[in-house]
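Since the structure comes first, as structure tokens, the remarks are kept for the end.
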Amino acid sequence: MRFNLLEIVRQGLSGNAGWQPHWRAPDPKPEYDVVIVGGGGHGLATAYYLAKEHGITNVAVLEKGYLGGGNVGRNTTIVRANYGLPGNSEFYSHSLKLWEGLEQDLNYNAMMSQRGVYNLYHSDGQRDAYARRGNQMISQGDDAQLLDRAAVRRHLPCLDHDNARFPVLGALYHPRGGTARHDAVAWGFARGADQRGVDLIQNCEVTGIDIDGGRVRGVQTSRGAIRARKVALVTAGRSSQTAAMAGLRLPIESHVLQAFVTEGLKPLIDSVVTFGMGHFYISQSDKGGLVFGGDLDFYASYAARGNLPMAEHVMEAGMALMPMIGQAKVLRSWGGIMDMTPDGSPIIDKTDIGGLYLDCGWCYGGFKAVPGSGFSLAHLIATDTHHAPAARFRLDRFATGALIDEEATGSQHNLH
Ligand SMILES: Cc1cc2nc3c(=O)[nH]c(=O)nc-3n(C[C@H](O)[C@H](O)[C@H](O)COP(=O)(O)OP(=O)(O)OC[C@H]3O[C@@H](n4cnc5c(N)ncnc54)[C@H](O)[C@@H]3O)c2cc1C
């Protein structure tokens, strides 16, 4: 079934009784060409592009919970391509281009909204750094504008521009950045993969990886053994654990990141705003809730919930940037497990075990990477060669020192 205006009218007139489930619920087959471990955004996108771009459809996505129940459904939905370093810049640039055509491609409303991203600056030094980054973005083919104080004041009247400690002096503006509806992205990729023949298997936890003669042979799961010629581990915050099943020790620490949403308000912020000096960022959902967050909780954990000190820190930063936020009631907060690498950049690579692939280390920026990562990993699995925009996301860079340290904070997982 394709979604279009005619179909909506037809279903509306017939009591909405004819809608079909978005995907099947198949039992696992004994063998697949490719098994993808993890039914988050990256796993589902990989399955979709394997089928669509490479015609590889004898594929299973194994998800221990429900599809989209991990970080792809827990993030703050920001999509952008405002990176500066070679490696990141071409990858996120490619990913944003995929986002721009995604809804037509998937025939699914992912509520992609290119509402613009403002990175505020508060000192001359920060302005110069943003000017440099903006130039890097433009030379990469992306869009960037350096705005002065008056322009930001005009666009964002709800901020306290004269904060004594961090006066808003301007912003790096990225018009093509914005937000997308996170659940819908997972559902759209899942539906697209299912329509092309991929088996999406929920409540199926991978508990072991079968390796023989230096090659992967399949996986052990809570629903029995499944043989596979190729296996991709795409398990985000759980990557260290799934890689350990293959005897690999990854350079990843798992940390908690929290987010918050207020009651629905009238339109207030029609863009995404980041306040780096205060470690705070904010946007407004289509339902009206202010969606915001800040830093990691700063210690390694597998708990998908956060603690009060960081909640307090985020609220303080929010009050410093826009004191009016103090009048809004916070409805919910939640946490997700982030797969943090030492340089803050991801890994899309083969391993030394034949047929075993890794896609992880997305830290807290992996939502915007979903289409790009799926596209590049599918390319790697299908051709055994790196897709050019993701060619620097190699695992061995942590041994060779060819790091992609966007924030220049050094090899410390929780500072990226
Ligand atoms: C609060 C918060 C805010 C964020 N904000 C942003 C943002 O604004 N923009 C942005 O770009 N990124 C953001 N992120 C980061 C982004 O959400 C993640 O980097 C990205 O979603 C991770 O990839 P994924 O979608 O594949 O992960 P997940 O959805 O977590 O998928 C991994 C899946 O693997 C499954 N799995 C794990 N182990 C096994 C196993 N043994 N067997 C089977 N399945 C298994 C899990 O159940 C899970 O469903 C944010 C994250 C959080 C938590």
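Quick notes on this one:
- Accessible area, probe 1.4 Å, largest first, for residues Ser139, Ser89: Ser139, Ser89
- The rule of thumb for compact globular proteins, 2.2 N^0.38 Å, goes into the C-alpha radius of gyration of segment 329-390 1.37 times.
- Computed over segment 24-99, the ratio Rg/Rh where both radii use C-alpha atoms and Rh is Kirkwood: 1.04
- Residue-averaged 222 nm ellipticity for the chain, from DSSP H runs of 4+ at -39500 (n - 2.57), nearest 500: -8500 deg cm²/dmol
- Of the trypsin sites (Lys or Arg not before Pro) found in segment 130-174, those in coil by DSSP whose Cβ has at most 12 other Cβ atoms within 10 Å are Arg165.
- Sparsely packed loop sites in segment 295-342 (the trypsin sites (Lys or Arg not before Pro) outside DSSP H, G, I, E and B with at most 13 other Cβ atoms within 10 Å) comprise Arg305, Lys329.
- Segment 140-237 - Rg over Rh from alpha carbon coordinates, Kirkwood radius: 1.28
- All Cα pairs of segment 195-247, percent lying beyond 19 Å: 27
- Averaged over its residues, segment 285-416 has an accessible area of 41 Å² per residue, based on protein heavy atoms and a 1.4 Å probe.
- Two-decimal log10 I(q)/I(0) for the chain, as the Debye equation yields it once each C-alpha is a single scatterer, q = 0.07, 0.09, 0.13 Å⁻¹: -0.33, -0.55, -1.13
- Over segment 290-355, Cα pairs under 8 Å with separation of 6+ residues give a relative contact order of 35 percent.
- Using alpha carbons only, the radius of gyration of segment 1-132 set against its Kirkwood radius gives Rg/Rh = 1.06.
- Mean accessible surface per residue for segment 4-49, computed with a 1.4 Å probe while every protein chain stays in place, in Å²: 53
- When the pairs Lys287/Lys368; Lys97/Lys368; Lys29/Lys350; Lys287/Lys329; Lys230/Lys350 are compared against a 19 Å limit on Cα-Cα distance, Lys287/Lys368; Lys29/Lys350 fall above it.
- Charge tally around Ala244: other residues with Cβ under 14 Å, Lys/Arg +1 each, Asp/Glu -1 each, net 0.
- Over 18 Å [Cα-Cα, segment 125-197], rounded percent: 59
- Within the accessible area of the chain (1.4 Å probe), percent carbon and sulfur: 52
- Each label was represented as a point 7 Å from its Cα along the Cα-to-Cβ direction; for Tyr299 and Gln220 these points are 3.3 nm apart.
- Which of Tyr299, Tyr83 is most accessible, then next, and so on - probe 1.4 Å: Tyr299, Tyr83
- Net charge of Cβ neighbours under 13 Å - reference Gly264; Lys, Arg +1; Asp, Glu -1: +2
- In this simple spin-label model, placing a label point 7 Å from the Cα along the Cα-to-Cβ direction at both Arg332 and Cys158 gives a separation of 1.9 nm.
- Ranked packing of 11-21, 98-108, 333-343, 313-323, most packed first, by mean Cβ within 10 Å: 333-343, 313-323, 98-108, 11-21
- Using a probe of 1.4 Å, the accessible surface attributed to Leu5 totals some 130 Å² when neighbouring protein chains are kept in position.
- Antiparallel bridge percentage (DSSP; both residues within the chain; nearest 5): 70
- Debye intensity ratio I(q)/I(0), log10, segment 227-327, q values 0.12, 0.15, 0.16, 0.18 Å⁻¹ (C-alpha model): -0.54, -0.72, -0.78, -0.88
- Order of exposure, largest accessible area first, which applies to His155, His22 with probe 1.4 Å: His155, His22
- Averaging 1/r across all pairs of distinct Cα atoms in segment 152-301 and inverting the result yields a Kirkwood radius of 19.8 Å.
The values are calculated or read from the model by the stated rules, or taken from the named source; none is laboratory data. Model, not experiment: these values are computed from the prediction. Methodologically, a virtual Cβ is constructed for each residue, glycine included, from the backbone with ideal geometry; neighbour enumeration extends over all protein chains shown. Side chains are part of the model used for accessible areas, which takes the heavy atoms of the whole protein and leaves out ligands, DNA and RNA. Shrake-Rupley method; radii C 1.70, N 1.55, O 1.52, S 1.80 Å.
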